[in-house]
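Heads up, the thing below is written out as structure tokens.
Each reported figure results from applying straightforward, stated rules to the coordinates on display, with no laboratory input. Just so it is clear, the structure is predicted and the values come from calculations on it, not from any experiment. Counting neighbours? That spans all protein chains shown, and the Cβs are built from the backbone with ideal geometry, glycine included.
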Amino acid sequence: MRYATRIGSAVPDTLSYDEETGTLRVGPGAFTGVPPEIWNYEVGGMLIAKKLVRLPEGLPHQPEDQPA
């Protein structure tokens with residue numbers, strides 16, 4: 001995994017993962033070489049990678065954020 005693009009000083013407001021390229025985007029920043037196993041790792045039905053990157057309060061949660 002490599003920190004490829006700076007996130008900057010602002011609190012990121014987006015989070016996405018491209019499985020084809022292994023790129024995790026956090027706001028304007030990016031990590032490359034992120035295996036799908038890291039992105040998809042769950043504990044208690046919660047995706048840990050998403051919980052580690054805490055987005056600002058008030059943003060809508062995606063359905064996969066909630067346990068089934």
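Fewest Cβ neighbours within 10 Å first, please rank E19, E37 accordingly.
E37, E19
Which of V53, V26, V11 comes first, and how do the rest follow, when ranked by fewest Cβ neighbours within 10 Å?
V11, V53, V26
How high is the relative contact order of region 2-53? Use alpha-carbon pairs under 8 Å, at least six apart in sequence, and give a whole percent.
29 percent
So for region 2-53, Kirkwood radius off the Cα pairs, Stokes-Einstein at 20 °C and 1.002 mPa s: how many µm² s⁻¹?
Estimated via Stokes-Einstein, D reaches 189 µm²/s.
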